[in-house]
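A.B. asks: One structure, as structure tokens, below. Some questions next.
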């Protein structure tokens, strides 16, 4: 029986982090958590690229562009979408989440979704280093694990 699993070893991994400027105060805390994780797991500063985008809606297209460049082993997506009084939340959060998943499937590059979708700013703060931990750290950890898992799996055949 063959068993595959990833590890958190960041040595020799190249990671891009796409971060949304909208709700930047909270996104910055997610980014700090992600960078802390990458550093703790031996990803070198020169192997990390940070890309700022206007909002969560722009994250998937940016992740696709980075994945298609072939320069990264994993991509971490970070942002904050807080529910308001309109349907804007549903469209932005839904499209960002769907888009990230689609890019990962289409490109074969591990892409993690660290976009907070919360009812209010207090919930977002709790998840960006508060009492619920730091989801940026968790997204970066998942990216490391998936990059190492993908590296250990059999290589995909073309045209499947």
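A.B. asks: Among residues belonging to region 101-113 that are crowded, with 16+ Cβ neighbours inside 10 Å and assigned to a helix (DSSP H, G or I), point out the one that is farthest from the chain's Cα centre (by Cα). Steps first, answer last, please.
C.D. replies: Step one: list which residues in region 101-113 are crowded, with 16+ Cβ neighbours inside 10 Å, which gives 103-104, 107, 109-113.
After this cut, where a residue has to be assigned to a helix (DSSP H, G or I) as well, the list is 103-104, 107.
On the way: 103: 12, 104: 11, 107: 15 Å.
Taking the candidates together, the pick is 107.
A.B. asks: Which residues, taken from region 61-73, are closer than 23 Å to residue 8 by Cβ and crowded, with 20+ Cβ neighbours inside 10 Å?
C.D. replies: Within region 61-73, 63, 66, 67, 72, 73 meet the criteria.
A.B. asks: Confirm whether residue 116 is touching a strand residue (DSSP E or B) at 6+ places or on another chain (Cβ under 9 Å) and either at pLDDT 90 or above or not in a helix (DSSP H, G or I) (or both). Show your work before the answer.
C.D. replies: Numbers: touching a strand residue (DSSP E or B) at 6+ places or on another chain (Cβ under 9 Å): yes; either at pLDDT 90 or above or not in a helix (DSSP H, G or I) (or both): yes.
Against the criterion (touching a strand residue (DSSP E or B) at 6+ places or on another chain (Cβ under 9 Å) and either at pLDDT 90 or above or not in a helix (DSSP H, G or I) (or both)), residue 116 qualifies.
A.B. asks: What residue, among those in region 34-60 that are in contact with a helix residue (DSSP H, G or I) (Cβ under 6 Å, 6 or more places away or on another chain) and surrounded by 24 or more Cβ atoms within 10 Å (Cβ to Cβ), is nearest to residue 104 (Cα to Cα)?
C.D. replies: Looking at residues that are in contact with a helix residue (DSSP H, G or I) (Cβ under 6 Å, 6 or more places away or on another chain) and surrounded by 24 or more Cβ atoms within 10 Å (Cβ to Cβ), I get 60.
A.B. asks: Kindly indicate which of 76, 43, 18, 80 is in contact (Cβ under 8 Å) with a residue 40 or more places away in the chain, in contact with a strand residue (DSSP E or B) (Cβ under 7 Å, 6 or more places away or on another chain) and part of a loop (DSSP other than H, G, I, E, B).
C.D. replies: Matching residue, one of 76, 43, 18, 80: 43.
The values are calculated or read from the model by the stated rules, or taken from the named source; none is laboratory data. Just so you know, these numbers come straight off a predicted model, no measurement behind them. Cβ sites come from the backbone with ideal geometry, for glycine too, and all protein chains shown count toward neighbours.
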